[in-house]
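Below is one structure, written out as structure tokens, with a few remarks after it.
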Amino acid sequence: MSGAATHAYGGPRAALRGGAREALGLPAFVLAASYVGFGALAQQSGLGLWLALASTPAVWALPGQVVLVEMLVLRAEWLAVVAGVSLSAARFLPMTLALLPYLREARPASWRLYAAAQLVAVTGWAAAMRQCPQLPPEERLSYFVGFTLPLVAGAAFGTATGFALADVMPRAVMLALVFVNPIYFMLVFVGDVRQRPAVLALAIGAIAGPLAHALTPSWSLLLTGLVGGTAAFLIDRAWRSGPRRGGSS
């Protein structure tokens, strides 16, 4: 709780500024670089600049925005587009549930939590999960919002830049830029792993991913996450409960 906090900015406004300072560096740069690739992809796919820019705060998930572009190119029905983008963002539900207890501890207004939930994405979530347990409850939501808003602005800038440079950007470079952010997140996540379930999930996922892709490329990502996460949870629970049973017998 707040008594366990080891770091404080000095108030919600200071936490907002502190989060923004931490984001305005490598996190914002990497995200903007990824969105340069998205902007170029959107331009080459015939998507208008304003629609490409609006998709960032509306979807706020690069994979979902790529799905949006691909389905619009295929002239899919809007209901199918919404369903496809929503399914691609299903991973944010457990992420939001994991972050919400930290943000609710200071009992902010409900509308603030709903607004903050729209900002949940991989980069901001990882930073918040690392920092929020160390902050006083009243600073956590401000820190998360302060960290995330510069990322949204950087993504919009990257989208506009990629849109303008699409005609001179090789397609290989464009696709490579789209994958910069997932690679960056994976490196940050691996470097910050401290808990056994996370280590198990990464290890099992690294093994299950290629096998799942060989079996069914279309469903490989979903299967890898489901198998890796479930197996890590079950192994960790068995690991923790084993000694108790042995000690009590």
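Since every read-out is calculated from the coordinates, none of them should be taken as a lab result. Everything numeric here is computed off the predicted structure, so don't read it as measured data. Please note: Cβ atoms are built from the backbone with ideal geometry, for glycine as well, and neighbour counts cover all protein chains shown.
Take the residues in region 161-172 that are surrounded by fewer than 16 Cβ atoms within 10 Å (Cβ to Cβ) and among the aliphatic types (A, V, I, L, M), then tell me which one is nearest to Trp50 (Cα to Cα). Quick ask: steps written out before the conclusion?
Pass one, region 161-172, residues surrounded by fewer than 16 Cβ atoms within 10 Å (Cβ to Cβ): 164-165, 167-168, 170-172.
Now narrow it down to the ones that are among the aliphatic types (A, V, I, L, M): 164-165, 168, 172.
On the way: Ala164: 13, Leu165: 16, Val168: 20, Ala172: 24 Å.
The selected residue is Ala164.
Quick one: Val82 ticks every box in (1) surrounded by 15 or more Cβ atoms within 10 Å (Cβ to Cβ); (2) β-branched (Val, Ile, Thr); (3) within 20 Å of the chain's Cα centre (by Cα) bar one, so which box is it?
(1)
Out of the residues in region 218-234 that are out of contact with any helix residue (DSSP H, G or I) (no Cβ under 8 Å at 6 or more places or on another chain) and of a type in the set (S, T, N, Q), state the one that is surrounded by the fewest Cβ atoms within 10 Å (Cβ to Cβ).
Ser218
I need the full set of residues from region 32-62 which are in contact (Cβ under 8 Å) with a residue 40 or more places away in the chain and within 16 Å of Phe92 (Cβ to Cβ), in order please.
Thr56, Pro57, Trp60, Ala61, Leu62
Name the residue that is surrounded by the fewest Cβ atoms within 10 Å (Cβ to Cβ), counting only residues in region 87-126 that are of a type outside the set (D, E, K, R) and in contact with a Gly (Cβ under 8 Å, 6 or more places away or on another chain).
Looking at residues that are of a type outside the set (D, E, K, R) and in contact with a Gly (Cβ under 8 Å, 6 or more places away or on another chain), I get Ala89.
Name the residue, out of Ala8, Ala28, Ala52, that is surrounded by 15 or more Cβ atoms within 10 Å (Cβ to Cβ) and not in a helix (DSSP H, G or I).
Ala8
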